[in-house]
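Working notes for the structure below.
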Amino acid sequence: MLSKFALTFFRMSVVIAIKNAAATAIQALYQQNFTADDVSVNITKPEFEGEYTVVVFSFTKFSRLKPEETGKQLGEYLLAHYPALFTGFNVVKGFLNLQIQDQYWIQYLQTAHSNKTVGQQPANGRKVMVEYSSPNTNKPLHLGHLRNNFLGYSVAEIYKANGFEVIKANLVNDRGIHICKSMLAWQMFSHGETPQSSGIKGDHLVGDFYVHFEKVLRDQAEPIISRVLDGNLKDFEGAEKDKIEKLHNATHKPEVQADKEKLAKVQDEIKELSRNKTEIMQQAKIMLQQWEAGNPEVRALWATMNGWVYEGFNKTYQRLGIDFDKMYYESNTYLLGKDLVEEGLRKGVLFRKEDNSVWIDLTADGLDEKLLLRGDGTSVYMTQDLGTARLKYDDYHMEESLYVVADEQNYHFKVLKLILQKLQEPCADGIYHLSYGMVELPHGRMKSREGTVVDADDLIEEMVKTAAEQTEELGKTKGFSEEELRELYETIGLGAMKFFLLKVDPKKKMVFNPEESIDLHGFTGPFIQYSYARIKSILREFSTADLEELTGYSHNTALLPMEKELIMLCEQFNAILLEAQREMSPAVIANYAFLLAQTFNSFYAKKEEGKYIYSVRDAENEDKKKLRLQIAILTANTIKQSLKFMGIAVPERM
RNA sequence: GGACCGGUAGCUCAGCUGGAUAGAGCAGCUGCCUUCUAAGCAGCAGGUCAUUGGUUCGAAUCCAAUCCGGUUCACCA
């Protein structure tokens, strides 16, 4: 039995127990003020004896002894004062390798194996909002949204696991010029087509009209652009004419022509101005004004088409297993923020220029001046976001507010937080931009104009199909009903996709090759799912009664290496979840789940002299059988929970 | 030009709050189904951790400079 002392440590995880013990030892041995955080503890390298290693180099300045001597003193102290925790030690150079009592691991196993929600911490009374997904309603979801959705969902689940109350929020960009483009194209070219009449999913139908708009726009812009390049500026007048003239002249300057990048930039600007001059673009702008003025016809069309899109999005969300607690719509929030600006002016944080526009000066913080209200009193993106930040806080009073948004908006969020801090908004300090890298194709970014955008629904369908093909190829469909197979393929296909997008550190950009389908072998979701299913298959060898009477065995023989290794790994789960939350990175869990599955697979297959030495069913005695059953159950539960926090389901058989 | 991010095996990535001989997966090569599920296991091969300098007992990890790639610096969202 463990001492009361050791039991206290037991609840904190063994690494923390070791750190505390080591810090206490340093204080006692060398009369130094030393905290547990100053102790560096690593997992012992496999070539040395022991489970955890304390690095002692930094203690030598207190001990005034060689690292080896210091390690020996510390080891002896720990062994003498914590006999319930340590059973032995050895010192190699400055590394103190500690051997942990088997009883410690067994104790963890006994308590944890029956816990179906292992990893889940009790409520901590703190609240966090995670805003993610945030789609535009003019196009269907694509690969980039998938990374965003999976990331947001997973981080929210990780916070929940650590005891937070979480509000998953979705701020839908449901208004603006881009939606008017789809609407206008529908009016002009659809002949009244609807999702019902065409059989096309609503978000895709609306997206098709957006593409149609862009095509017409391109056709109309082309002659204007060539006229400008020829020096004919008849399409422009007034200030615009001056501007385009300047740009046109610039294209002939030798220094611009020599700098390809600069030339491309000037030409892009000419194109953009020309596109604005097209008839169809003018119409779209008129429609936007009508929308803002509340024109009933425009509003009705807008509501109808957005309705189609939501229907489509909801199908996709449902299939992905993504959900939200709170929806925000930009059509309701885009006017917010003006009162914040008024208050800012009164406080003297903001200032007004001659043309009546309102700005904040951030040059002291190494940034620029930032516009918050145009001269005509209308607001910009930033103003809206300021207002929405306050709205969210008024709604929930959360301590933390995460925004899952791609890293191209790093500057925006830096400025957003800074302005809120200067305005002394209570929400300011809790704002965190969970910035993630773009998903790129082998040849660079996805570009809608080049038609290289990977559609989310297509990709899901393809992955599920791949899962079906592989399952059939392996001849693993026996004993499943049609319905069960469909469900299995969803689980595997989505598992592969989610794991693929979550296994990489969020802040790094990543590459997706649409030519190769996502792998189902190696460091993948299906590998881990398979490992889980195999454990379940082992457990099916036993009756429910067998599985329920596992405690109370006497354990006299020492734990074998891989038995111990698996329990140790499982014991690290809580620490992993904390790290994943601190880093806001599901990748931490992905790596852990893979390691755990891989370790169990080795355990399962380990053979000596033709015998499976870790066999559960054919264990050498009843006690070992019970022990290994507990290990199998604990491992399965830990794998299942790990994947759950990544939004990935596990199959009982595959 | 300023700011920020990245550069680790052929490819995709871990490791980065300094610790022992830098790890996985894929691709390549060799073995293992008389097994509780081979979507697996065991092994071989593969490295100037972009470069240079510094900090120290110790640097892929921290600092500086340089090179390469990306993002951003709109009265767009």
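Worth a mention:
- Close amide-amide hydrogen proximity is noted between A:LEU434 and A:TYR403, A:VAL404, A:VAL405, each under 5 Å apart and 5 or more residues distant or on a separate chain (H modeled in the peptide plane; Pro and chain starts excluded).
- Sorted peptide list for A:150-159, A:403-412, criterion being average Cβ within 10 angstrom, highest first: A:150-159, A:403-412
- Annotation: Cα Rg of region A:102-211 relative to the compact-globule expectation 2.2 N^0.38 Å equals 1.72.
- Evaluated over region A:160-316, the Cα radius of gyration and Dmax, each in Å: 20.7, 66
- Ordering of A:422-431, A:36-45, A:347-356 by packing [mean C-beta count within 10 Å, highest first]: A:422-431, A:36-45, A:347-356
- D_trans [Stokes-Einstein, Kirkwood Rh over alpha-carbon pairs] for region A:493-649, 4 °C, 1.567 mPa s, µm² s⁻¹: 77 µm²/s
- For chain A, the 222 nm mean residue ellipticity estimated from helices alone, with every DSSP H stretch of n ≥ 4 adding -39500 (n - 2.57) and the total spread over all residues, rounds to -18000 deg cm²/dmol.
- Considering only A:GLN73, A:TYR210, A:GLY377, the residue lying farthest towards the positive end of the dipole of chain A is A:GLN73, judged by Cα position with unit charges set on Cβ.
- Equivalent ellipsoid of region A:332-473: semi-axes from √(5λ) of the C-alpha gyration tensor, largest first, are 40, 18, 14 Å.
- Each 5 Å bin from zero up to the one holding the largest Cα-Cα distance in region A:471-545 carries the following percent of pairs: 3, 13, 18, 23, 17, 11, 7, 5, 2, 1.
- Positive dipole terminus of chain A, leading residue within A:THR117, A:SER531, A:TYR82 (C-beta point charges): A:TYR82
- Sorting A:472-483, A:438-449 by their mean Cβ neighbour count within 10 Å, with the most densely packed peptide first, gives A:438-449, A:472-483.
- For region A:245-307, projected area of the alpha-carbon convex hull averaged over all directions, nm²: 6.2 nm²
- Amide H contacts under 5 Å for A:PHE89: A:GLN99, restricted to partners 5 or more places along the chain or on a different chain, H placed in the peptide plane at 1.01 Å from N.
- Computed from point charges on the beta carbon alone (+1 for Lys and Arg, -1 for Asp and Glu), the dipole magnitude for chain A about its Cα centre is near 1040 Debye.
- Interchain or long-range residues, amide H under 5 Å from A:LYS253's placed H: none
- Panel values: region A:151-235, Kirkwood radius from alpha carbon pairs, Stokes-Einstein at 37 °C and 0.692 mPa s, translational diffusion coefficient 196 µm²/s.
- Per residue Cα convex hull volume in Å³ - calculated over region A:302-373: 172 Å³
- In this structure chain A gives 48 Å² per residue of accessible area when probed at 1.4 Å with all protein chains present.
- Selection among A:SER154, A:SER134, A:PHE62 by position relative to the dipole of chain A gives A:PHE62 as farthest towards the positive end (Cβ unit charges, Cα centre).
- Taking Cα atoms only, the orientation of helix A:238-250 departs from the longest principal axis of chain A by about 70 degrees.
- The value for region A:4-100 of Rg(Cα) / (2.2 N^0.38 Å) is 0.97.
- The radius of gyration of the Cα set in chain A, together with its Dmax, comes out at 30.8, 95 angstrom.
- Share of carbon and sulfur in the accessible heavy-atom surface of chain A [1.4 Å probe, %]: 49 percent
- Rg/Rh for region A:515-569 (Cα atoms only, Rh after Kirkwood) is 1.14.
- Given charges at beta-carbon only (K, R positive; D, E negative), |dipole| of region A:303-400 in Debye: 240 debye
- Per-residue HN-Hα couplings for region A:492-499 [Karplus 6.51, -1.76, 1.60; θ = phi - 60°; Hz; x = Gly/Pro]: 6, x, 5, x, 4, 5, 5, 4
- Here region A:176-293 is assigned +1 on the Cβ of each Lys and Arg and -1 on the Cβ of each Asp and Glu. Its dipole about the Cα centre then comes out at about 100 debye.
- Mean shadow area of region A:566-654, taken as a quarter of the surface of its Cα convex hull (nm²): 6.4 nm²
- The phi torsions of region A:607-621, fed into the Karplus equation with coefficients 6.51, -1.76 and 1.60 and a -60° offset, translate into couplings of 10, 9, 6, x, 10, 7, 6, 10, 4, 7, 4, 9, 5, 5, 7 Hz, rounded to whole numbers, with Gly and Pro shown as x.
The values are calculated or read from the model by the stated rules, or taken from the named source; none is laboratory data. Since this is a predicted model, take the numbers as computed values, not measurements. Note: ideal-geometry Cβ built from the backbone for every residue, glycine included; neighbour counts use all protein chains shown. These area figures cover heavy atoms from the full protein model, side chains too; ligands, DNA and RNA do not enter into them. Shrake-Rupley method; radii C 1.70, N 1.55, O 1.52, S 1.80 Å.
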